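Reviewing the structure listed below.
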């Protein structure tokens, strides 16, 4: 590596044409050139970040490439799947050669007492509605998610319905729904009357609805 410097020094001693200071400067310049040359690798993400396969093999970059896992939500009412939707995705860090992560599945399971959906107005008899959240990821605190479920009445005859205070019951969040006439000789409006169920998940809310049929003590009217 330094052969040319040695030969140059011998020539200087023979010719005495170049001062020793110049020789030292040339030697230092040569050393600096060697030290400043980068160490190149065929798998170097720092040199060409566009090559993903190189980044996977470059120390410090492989853990940042990772992949995503889809987050899916399914709504069930009395055992029937009503809606399945994509809630989003998770960024998961993977190493080269690892299997891609499985998708994460949330379920909002809503049930009515005895699978009934009819309430008699002014009878004082409640219809109980139960809801729970489950998830395929064991690290998700589904108990806390279930405890945060809320209920609301909506639709054409929401003013006929009263909801009790939600409470935990056997792993579910439960609410009692009763129906009362809002006024004497009140008449039910056409259209659907719903109980909405809201369950938080990963940044989004799963929503289910239960259609309620309201009947009176003299006759029964089904509201669709």
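The values are calculated or read from the model by the stated rules, or taken from the named source; none is laboratory data. None of the values given here were measured: they were computed from a predicted structure. Cβ atoms come from the backbone with ideal geometry, glycine included; neighbour counts cover every protein chain shown.
I'd like to check something: does the stretch 126-137 contain any residue that is outside any loop (DSSP other than H, G, I, E, B) and surrounded by fewer than 14 Cβ atoms within 10 Å (Cβ to Cβ)? Within the stretch 126-137, none of the residues are outside any loop (DSSP other than H, G, I, E, B) and surrounded by fewer than 14 Cβ atoms within 10 Å (Cβ to Cβ).
Answer yes if at least one residue in the stretch 109-118 is assigned to a strand (DSSP E or B), in the same structural domain as residue 204 (by TED's automatic domain parsing) and modelled with pLDDT under 95, and no otherwise. Before the answer, list the steps.
Of all residues in the stretch 109-118, those assigned to a strand (DSSP E or B) come to 109-112, 118.
Checking which are in the same structural domain as residue 204 (by TED's automatic domain parsing) leaves us with 109-112, 118.
Cutting the leftovers down to modelled with pLDDT under 95 gives us 118.
Yes, the stretch 109-118 contains a residue that is assigned to a strand (DSSP E or B), in the same structural domain as residue 204 (by TED's automatic domain parsing) and modelled with pLDDT under 95.
From 167, 144, 179, 158, grab the single residue that is out of contact with any strand residue (DSSP E or B) (no Cβ under 8 Å at 6 or more places or on another chain) and farther than 18 Å from residue 78 by Cα.
Details: 167 fails: out of contact with any strand residue (DSSP E or B) (no Cβ under 8 Å at 6 or more places or on another chain); 179 fails: out of contact with any strand residue (DSSP E or B) (no Cβ under 8 Å at 6 or more places or on another chain); 158 fails: out of contact with any strand residue (DSSP E or B) (no Cβ under 8 Å at 6 or more places or on another chain).
Checking each option against the conditions leaves just 144.
Checking each residue in the stretch 172-221 for being touching a helix residue (DSSP H, G or I) at 6+ places or on another chain (Cβ under 9 Å), under 19 Å from residue 135 (Cα atoms) and at pLDDT below 95 picks out 200, 201.
Test residue 153 against the criterion of being surrounded by fewer than 20 Cβ atoms within 10 Å (Cβ to Cβ), farther than 21 Å from residue 78 by Cα and in the same structural domain as residue 118 (by TED's automatic domain parsing), and give yes or no. No; evaluated as a whole, the condition is false for this residue.
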